[in-house]
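Accompanying notes for the structure given below.
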Ligand SMILES: N[C@@H](CCC[C@H](N)C(=O)O)C(=O)O
């Protein structure tokens with residue numbers, strides 16, 4: 001005899017990841033997220049909670065040109081404006097739910113609309129919009145825009161590029177990403193007065209005109225196995241300096257992303273995989 005079906009009492013969620021950048025996704029199309037910043041932080045705890053780098057919500061769109069909206073919270077409970085790996089997971093979740101048609105679909109993110117498309121090989125391609133380098137857009141506390149800014153940290157001068165992919169990024173070129181002092185200087189650069197709203201900090205190793213290695217210290221989450229918007233930011237900064245071609249493969253600790261940006265005036269595209277881990281239910 002089959003066991004009686006358990007009554008569902010809790011809040012359903014799905015655990016997913018995009019090349020190791022992991023997420024809890026919650027369907028909020030029928031009811032708003034019943035969790036505040038304290039509860040999100042507790043849920044994000046890898047020992048006492050479910051654990052994630054970001055929590056993502058799927059919501060009804062307010063912008064009539066978009067099919068759905070999504071929200072993003074870092075594991076420390078702070079809201080975020082963009083999440084490249086996350087938006088691919090939202091698209092894959094919508095595909096599993098039968099809500100992603102063939103062809104592109106517009107989603108309303110906290111930083112504005114993005115277009116997503118599922119490719120025949122299952123990867124998701126995202127139009128991340130045009131990288132914005134203007135200091136006010138990042139935001140960055142400087143008087144004039146440049147492709148390199150100098151930051152003094154304990155007598156050390158750090159040269160960095162800065163760009164908004166919807167969220168703020170600093171990008172530092174390093175000789176060896178594996179040996180980069182991500183945990184030591186990542187959080188200090190992220191919180192430097194130069195970045196009034198903090199930033200995500202990428203350490204990018206140029207491996208040729210079409211390949212870079214990258215590690216990222218994420219605002220609100222620490223070092224992650226991958227940061228999608230960080231990969232976009234690294235290519236944008238290096239392309240602006242003329243160091244890479246339009247198509248670049250970015251290798252992060254958790255896997256690879258393909259980024260394509262022809263240059264100013266054009267959208268930057270990100271393509272990469274997603275994975276479902278498990279479905280769960282949060283009981284009160
Ligand atoms: N993991 C993300 C970025 C998430 C948000 C970021 N930590 C912020 O606060 O801006 C990605 O894949 O882009």
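Nothing in this text is a laboratory measurement; each read-out follows from the coordinates by a stated rule. The structure presented is a predicted model; accordingly, all values stated were derived computationally and were not measured. Note that we place each Cβ from the backbone using ideal geometry, even for glycine, and neighbour counts take in every protein chain shown.
Structure notes:
- Taking the alpha carbon gyration tensor of region 110-171, multiplying each eigenvalue by 5 and rooting it gives semi-axes of 31, 14, 8 Å, largest first.
- Binned Cα-Cα distances of the chain, short to long, each 10 Å bin given as a whole percent: 7, 30, 35, 20, 6, 1, 0, 0
- Taking only the alpha carbons of region 83-242, we obtain Rg and Dmax values of 16.4, 55 Å in that order.
- Distance (nanometres) between label positions extended 7 Å along Cα→Cβ at residue 96 and residue 197: 3.1 nm
- Length gained on full extension, residue 81 to residue 243, computed as 0.36 nm times the residue gap minus the Cα-Cα distance: 55.6 nm.
- Here the simple spin-label model places points 7 Å from the Cα toward Cβ, and for residue 45 and residue 262 these points are separated by 5.1 nm.
- Between the beta carbons of residue 277 and residue 141, assuming R0 = 51 Å, the FRET efficiency works out to 0.80 to the nearest 0.05.
- Between helix 228-240 and the chain: long-axis angle, C-alpha atoms, 0 to 90°, nearest 10: 20 degrees
- Using the Cβ-Cβ distance between residue 119 and residue 158 with R0 set to 35 Å, the FRET efficiency works out to roughly 0.40.
- Calculated Rg and Dmax of region 28-173 using C-alpha coordinates, Å: 17.7, 55
- Highest mean packing comes first when the peptides 13-25, 103-115 are listed by Cβ atoms within 10 Å, giving 13-25, 103-115.
- Across region 1-87, the convex hull enclosing all Cα atoms gives 149 Å³ per residue.
- Peptide ranges 52-63, 128-139, 175-186, 199-210 listed from the most packed, as the mean C-beta count within 10 angstrom indicates: 199-210, 52-63, 128-139, 175-186
- Between 0 and 90°, nearest 10: helix 84-96 axis offset from the chain longest Cα axis: 30 degrees
- Compactness of region 149-265 is given as radius of gyration and Dmax, 12.9, 38 Å, from Cα positions.
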